[in-house]
Amino acid sequence: MDWITRYKSDRMLKIWRDEEKYKIWRDIESAILEGWANLGVVPPKVPEEIKKVEIKPEEVKEEEFKTRHEVTAFVRVIEKKVSEVARRFVHLGVTSSDIMDTAFSIQCLKSCDFIIQGVQDVEDVLKDLSERYRSFIAVGRTHGVHAEPTTLGMKFLSHYAEFRRVRKTLLFARENMRFGKISGAVGIYSTVPPEVEEYALAKFGLKPEPVPTQVVPRDRYALFVLGCSLLASAIERLALNIRISQMTEISEMMEPFQEEQMGSSVMPHKRNPVLSENLTGISRVIRSTCIPVLENIPLLMERDISHSSAERVLFPQMCVLSDFALMRLKLLLEGLKIDENKVRENLEISKDMILSSRALFEMVLSGYDREKAYKIIQRASFSVVEGKFPDFKSALISMLEKEDKKTAQIISERLESVKLQYVDFIFDKALSLPIEIQVRKKEDVFDPEGKTIAEKLRKIGVAVKDVRVAKSYIVKPGGQINGELFDFFVNPVVEDYTVELKE
């Protein structure tokens, strides 16, 4: 299992180890018995006795060798370690999937939380890079060919926006799989009442599956996998652009390189983009999880076990690799070297031909037929490639002067500046948060008009548009809230209110 040690995430591995899984199973069994105890069916001390049982994976494996069934083996281990009274009630009224699927949801949610935090960390670094190079002009490329001027900050901002979209998808996926089920063999509560399910699941922050079979429907978990697949594609797109930017002919970016690092066993000069290439490969593995997980959704009738073997392999692998990839990407971005001189040099390579679309726009506004203007500009561009003119602008103006010197002069003046006046507009859109703030007052708070929260918002520059008076009311800030104020709402400093961010 070399990949586990090579691409490991200790915190993620812990979630998926058998030791942790059996602890969660034990705690679920205990919570179920607490629910039964609340109904007077189970003695009050039994749940706590179950919760104190220490379970070793090898003990379960030994029993499973006999039973050929992991949950019954697990139950046997508990039964051997508790009193005779408690032994009667272990696994009372529930089926294996009640334990396994509820635990699986808990493991997926914990994993998703780490991944979401990792995405946020990458966003933060990309945001810093975007701001640092907001106005630093660079060449934009389409099909790998010089297209138009842009800024280096815009390139990073594009990736920032993508990771932010991925985080939103993962947040939605997290909520979508915050379900468990403790409803018996085919989900109709034949041997366990809904009150026990609701009580037990609430202890883990889960909601009852509305229409269960023997299992939680697999589409709930598939959405999480799709979110991680989108994450993998976001990572790969960024890694690919870094790899291309480190090519000898471009050399605008350089991955961090350690003092004793070697790029080749035989070519000492080599400094390869191995981190980005590594992330590209890992992204492909993460994305490959999609197909079998989607194929797990159509189970036979109320359930078969065909999903189990795939999930045992795929989910731990996907979660560990996703967490590792995010940590590696963050380190790469933090150590990324930008050769600003090379960026400027590459901008000049095409000898102003990247102004062709601007020239076409200006010529059409000056009265030229679009088709005719296109052909003139194309001839001017090709003449530069053929070495007949030193740059695009001189070639174009020379051709235009033969037809109309006045128009040629106007076009020449308009091509002097690069049109990047909307870069700040794009940044403001990307880094702002359109929000609605749901404010819930605590029971002992009397502030019917919401003046306290409104006043605090005004002090930090938020124009409060609307405050609805009620036990729960909404504050709608005017315009957009800049991203820097995000923490104010997520971790509110207002003592007497609970504030929710609603993007």
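The values are calculated or read from the model by the stated rules, or taken from the named source; none is laboratory data. Just so we're clear, the structure is a prediction, and the values are computed from it rather than from any experiment. Glycine gets a Cβ as well: all are built from the backbone with ideal geometry, and neighbour counts include every protein chain shown.
Check whether at least one residue in region 334-345 is buried (at least 20 other Cβ atoms within 10 Å of the Cβ), touching a residue at least 24 places away in the same chain (Cβ under 8 Å) and either more than 32 Å from the chain's Cα centre (by Cα) or closer than 23 Å to R11 by Cα (or both), and report yes or no. Reasoning before the result, please.
Looking only at region 334-345, we keep the residues that are buried (at least 20 other Cβ atoms within 10 Å of the Cβ), and these are 343.
Pick out the ones that are also touching a residue at least 24 places away in the same chain (Cβ under 8 Å) and you get 343.
Adding the requirement that they be either more than 32 Å from the chain's Cα centre (by Cα) or closer than 23 Å to R11 by Cα (or both) leaves none.
Checked against the condition, which is being buried (at least 20 other Cβ atoms within 10 Å of the Cβ), touching a residue at least 24 places away in the same chain (Cβ under 8 Å) and either more than 32 Å from the chain's Cα centre (by Cα) or closer than 23 Å to R11 by Cα (or both), region 334-345 yields no hits at all.
Does any residue of region 432-439 turn out to be acidic (D, E), at pLDDT below 85 and assigned to a strand (DSSP E or B)? Full working, then the answer.
Filtering region 432-439 down to residues acidic (D, E) leaves 436.
Within this subset, residues satisfying the condition of being at pLDDT below 85 are 436.
From what's left, assigned to a strand (DSSP E or B): 436.
Looking for residues that are acidic (D, E), at pLDDT below 85 and assigned to a strand (DSSP E or B), one finds at least one in region 432-439, hence yes.
Of the residues that make up region 13-32, is at least one among the charged types (D, E, K, R), over 30 Å from M327 (Cβ atoms), loosely packed, with under 14 Cβ neighbours inside 10 Å and outside the structural domain of R312 (by TED's automatic domain parsing)?
Going residue by residue through region 13-32, those that are among the charged types (D, E, K, R) are 14, 17-21, 23, 26-27, 29.
Add one more test, that the residue is over 30 Å from M327 (Cβ atoms), and what stays is 26, 29.
Now drop any that are not loosely packed, with under 14 Cβ neighbours inside 10 Å, which leaves none.
The answer is no; no qualifying residue exists.
Confirm whether S245 is surrounded by fewer than 21 Cβ atoms within 10 Å (Cβ to Cβ), assigned by TED's automatic domain parsing to the domain that holds D121 and hydroxyl-bearing (S, T, Y).
Numbers: surrounded by fewer than 21 Cβ atoms within 10 Å (Cβ to Cβ): no; assigned by TED's automatic domain parsing to the domain that holds D121: yes; hydroxyl-bearing (S, T, Y): yes.
Spelling it out, it is not the case that S245 is surrounded by fewer than 21 Cβ atoms within 10 Å (Cβ to Cβ), assigned by TED's automatic domain parsing to the domain that holds D121 and hydroxyl-bearing (S, T, Y).
Testing G387 on (1) touching an Asp or Glu at 6+ places or on another chain (Cβ under 7 Å); (2) at positive phi; (3) surrounded by fewer than 17 Cβ atoms within 10 Å (Cβ to Cβ); (4) not aromatic (F, W, Y), one condition comes back false. Which one is that?
Going through the list (1) touching an Asp or Glu at 6+ places or on another chain (Cβ under 7 Å); (2) at positive phi; (3) surrounded by fewer than 17 Cβ atoms within 10 Å (Cβ to Cβ); (4) not aromatic (F, W, Y), G387 breaks only (1).
Rundown of residues vs (1) closer than 19 Å to A200 by Cβ; (2) in contact (Cβ under 8 Å) with a residue 60 or more places away in the chain; (3) of a type in the set (V, I, T), yes/no style:
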{"residue": "M12", "(1), (2), (3)": "no, yes, no"}
{"residue": "I28", "(1), (2), (3)": "yes, yes, yes"}
{"residue": "K45", "(1), (2), (3)": "yes, no, no"}
{"residue": "V60", "(1), (2), (3)": "no, no, yes"}
{"residue": "H69", "(1), (2), (3)": "no, no, no"}
{"residue": "A86", "(1), (2), (3)": "yes, no, no"}
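Could you tell me which of the residues F324, F361, F382 is of a type in the set (F, W, Y), buried (at least 20 other Cβ atoms within 10 Å of the Cβ) and at pLDDT 85 or above? Spell out the reasoning first.
Values: F361 fails: buried (at least 20 other Cβ atoms within 10 Å of the Cβ); F382 fails: buried (at least 20 other Cβ atoms within 10 Å of the Cβ).
Going through F324, F361, F382 in turn, just one is of a type in the set (F, W, Y), buried (at least 20 other Cβ atoms within 10 Å of the Cβ) and at pLDDT 85 or above: F324.
For region 389-421, name all the residues that are without any contact (Cβ under 8 Å) to a residue 60 or more places away in the chain, assigned to a loop (DSSP other than H, G, I, E, B) and closer than 15 Å to D352 by Cβ. Show your work before the answer.
Filtering region 389-421 down to residues without any contact (Cβ under 8 Å) to a residue 60 or more places away in the chain leaves 389-414, 416-417, 421.
Then drop every residue that is not assigned to a loop (DSSP other than H, G, I, E, B), which leaves 389-391, 402-404, 416-417, 421.
Listed by number, the residues that qualify are F389, P390, D391, E416, S417.
Within the group K375, K405, which residue is of a type in the set (K, R) and modelled with pLDDT under 85?
On the way: K375 fails: modelled with pLDDT under 85.
Among K375, K405, only K405 is of a type in the set (K, R) and modelled with pLDDT under 85.
Please count how many residues of region 221-260 are free of Cβ contacts under 8 Å to residues at least 60 places away in the same chain and assigned to a loop (DSSP other than H, G, I, E, B).
Residues that pass the stated criteria total 8.
What pairs can you find where one residue is in region 280-309 and assigned by TED's automatic domain parsing to the domain that holds L329 and over 18 Å from L226 (Cα atoms), the other is of a type in the set (D, E, K, R) and assigned to a loop (DSSP other than H, G, I, E, B), and their Cβ atoms are less than 8 Å apart, with a gap of 6+ or different chains?
Hits for this filter: L299/R218.
So which of S322, S357, S381, S366 ends up being outside the structural domain of A239 (by TED's automatic domain parsing) and touching a residue at least 60 places away in the same chain (Cβ under 8 Å)?
So the residue among S322, S357, S381, S366 that is outside the structural domain of A239 (by TED's automatic domain parsing) and touching a residue at least 60 places away in the same chain (Cβ under 8 Å) is S357.
Mind checking whether some residue in region 5-12 is surrounded by fewer than 20 Cβ atoms within 10 Å (Cβ to Cβ) and of a type in the set (G, A, S)? Lay out the reasoning, then the answer.
To start, the set of residues in region 5-12 that are surrounded by fewer than 20 Cβ atoms within 10 Å (Cβ to Cβ) comprises 5-8, 10-11.
Now restrict to residues that are of a type in the set (G, A, S): none.
No, region 5-12 contains no residue that is surrounded by fewer than 20 Cβ atoms within 10 Å (Cβ to Cβ) and of a type in the set (G, A, S).
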